[in-house]
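> First the structure, which I've put down as structure tokens, then a few questions once you've had a look.
The values are calculated or read from the model by the stated rules, or taken from the named source; none is laboratory data. These numbers come from a predicted model, not from an experiment. Note: ideal-geometry Cβ built from the backbone for every residue, glycine included; neighbour counts use all protein chains shown.
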Amino acid sequence: MEGIQKPQGSVVILGAGTQGRRLAYMWSSRGGIVRLVDLQEQQLQDGLKYVDQLRAETKDHDGDWGKIETSDPSSLESTLKDAWLVVECVPENLKLKQKIVTQLDELAPEGTIIASNSSSYGVFEIIEGLSLKHGERVMSAHCYWPPETSAIEIMGHKDSDPKLIKLMLSQCKEHGFSPFHVKKDSIGYIYNRIWAAIKREALLTLSEGVATPSEIDAIFKDVLKTPKGPCEQMDVVGLDVVLDIENHYAESRAGIPTEPRDYVREMIRDGKLGVKNGAGFYDYEQK
């Protein structure tokens, strides 16, 4: 992998869900081919419609949009044949991600970067215990909510090829992301570590009866001038997802308090998952 130049070839995205289709939009913004892969044909078609919608809403776009092709995993090896980058956006399940990364390492050409978009697991956790032929080209590329939120965090591991990290950072910037280099192994990358502390303290404050969700959100927004407070943001993420992430932190670090997780667990037992089912810290059916 010596002397890597500007990459040629396609970008392959595994998973046409919420993040996969948004990434298809971003990586097709400068021309070239993006190949979107999913088991479900309906997901693929919905993904294409969503990309078209985002493009229609985009202002001041220079140049041509890239072509987006769809396929299912049965033809993955041929889909990867000219890829310079493949990004996995499969569900947040560690064993599934490890299976996918192992398969990609086996099938993708040696020069193809393998990136994980996982929010819960860093690349160092995903590759632990795996026997990879070219582990140096595997990295995390965690984004938030593109294109509205352009931040993307690139994190390698102890055996990463620095040239590939540098290439990924430059290509992300070229395609409209705001890339940040996570320089050491970090559960939660950069932003989510800070957000986790805020979220955890908000939940602890609630569990102690210090304030209500609306009061916490109101003071947070008043001081920091953000559009959403911690409780509103957790409702958007989904309280079941919040609990999964908190459990992962608790498994990985000593000293994480139990009260925030207990508080969310009780809300879930009461059928409150957030925006997606109409009830969380707030009642969205009434809104």
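> Could you tell me how many of the residues in the range 256-278 are small (Gly, Ala, Ser) and out of contact with any helix residue (DSSP H, G or I) (no Cβ under 9 Å at 6 or more places or on another chain)?
1
> May I pose another question? Of a type outside the set (Ser, Thr, Tyr) and in a strand (DSSP E or B) - does that describe any residue in the range 49-60?
Checked against the condition, which is being of a type outside the set (Ser, Thr, Tyr) and in a strand (DSSP E or B), the range 49-60 yields no hits at all.
> If you don't mind, there's one more thing I want to ask. Looking only at the range 210-230, count how many residues are within 29 Å of GLU92 (Cα to Cα) and either among the charged types (D, E, K, R) or surrounded by fewer than 17 Cβ atoms within 10 Å (Cβ to Cβ) (or both).
Here the count works out to 4.
> With respect to GLU92, determine if the residue is within 30 Å of ASN247 (Cβ to Cβ), under 21 Å from the mean Cα position of the chain (by Cα) and at pLDDT below 95.
Yes; evaluated as a whole, the condition is true for this residue.
> If only one of ASP64, ASP52, ASP60, ASP82 is surrounded by fewer than 16 Cβ atoms within 10 Å (Cβ to Cβ) and on the phi > 0 side of the Ramachandran plot, which one is it?
Testing whether each residue is surrounded by fewer than 16 Cβ atoms within 10 Å (Cβ to Cβ) and on the phi > 0 side of the Ramachandran plot leaves just ASP60.
> Name the single residue that is farthest from the chain's Cα centre (by Cα) among those in the range 231-276 being β-branched (Val, Ile, Thr) and exposed (fewer than 15 other Cβ atoms within 10 Å of the Cβ).
THR258
> Given (1) of a type outside the set (S, T, N, Q); (2) closer than 25 Å to VAL138 by Cα; (3) touching a Phe, Trp or Tyr at 6+ places or on another chain (Cβ under 6 Å); (4) not in a loop (DSSP other than H, G, I, E, B), where does PRO7 come up short, assuming only one miss?
Result: PRO7 fails condition (4) only.
> Applying the selection to the range 46-70, what residues are farther than 17 Å from GLY176 by Cβ and either touching an Asp or Glu at 6+ places or on another chain (Cβ under 7 Å) or in contact (Cβ under 8 Å) with a residue 12 or more places away in the chain (or both)?
Listed by number, the residues that qualify are ASP46, GLY47, LEU48, LYS67, GLU69, THR70.
> Sticking with this one: Within the range 133-143, does at least one residue satisfy the condition of being surrounded by fewer than 18 Cβ atoms within 10 Å (Cβ to Cβ) and either assigned to a strand (DSSP E or B) or among the aliphatic types (A, V, I, L, M) (or both)?
Looking through the range 133-143, none of the residues is surrounded by fewer than 18 Cβ atoms within 10 Å (Cβ to Cβ) and either assigned to a strand (DSSP E or B) or among the aliphatic types (A, V, I, L, M) (or both).
> Let me ask something additional. ASP283 - would you say it is more than 30 Å from ASP185 (Cβ to Cβ) and more than 25 Å from the chain's Cα centre (by Cα)?
Yes, satisfied.
> Looking at the range 88-115, which of the residues that are assigned to a strand (DSSP E or B) and touching a helix residue (DSSP H, G or I) at 6+ places or on another chain (Cβ under 6 Å) is farthest from SER252 (Cα to Cα)?
Among those that are assigned to a strand (DSSP E or B) and touching a helix residue (DSSP H, G or I) at 6+ places or on another chain (Cβ under 6 Å), it is ILE113.
> Something else now. Let me confirm something: among VAL101, VAL90, VAL86, which residue is touching a strand residue (DSSP E or B) at 6+ places or on another chain (Cβ under 7 Å), within 21 Å of GLY31 (Cα to Cα) and in contact (Cβ under 8 Å) with a residue 12 or more places away in the chain?
Unique residue meeting the criteria: VAL86.
> Just to check your reading of the model, which residue among LEU239, LEU224, LEU204, LEU243 is aliphatic (A, V, I, L, M) and under 14 Å from TYR282 (Cα atoms)?
LEU239
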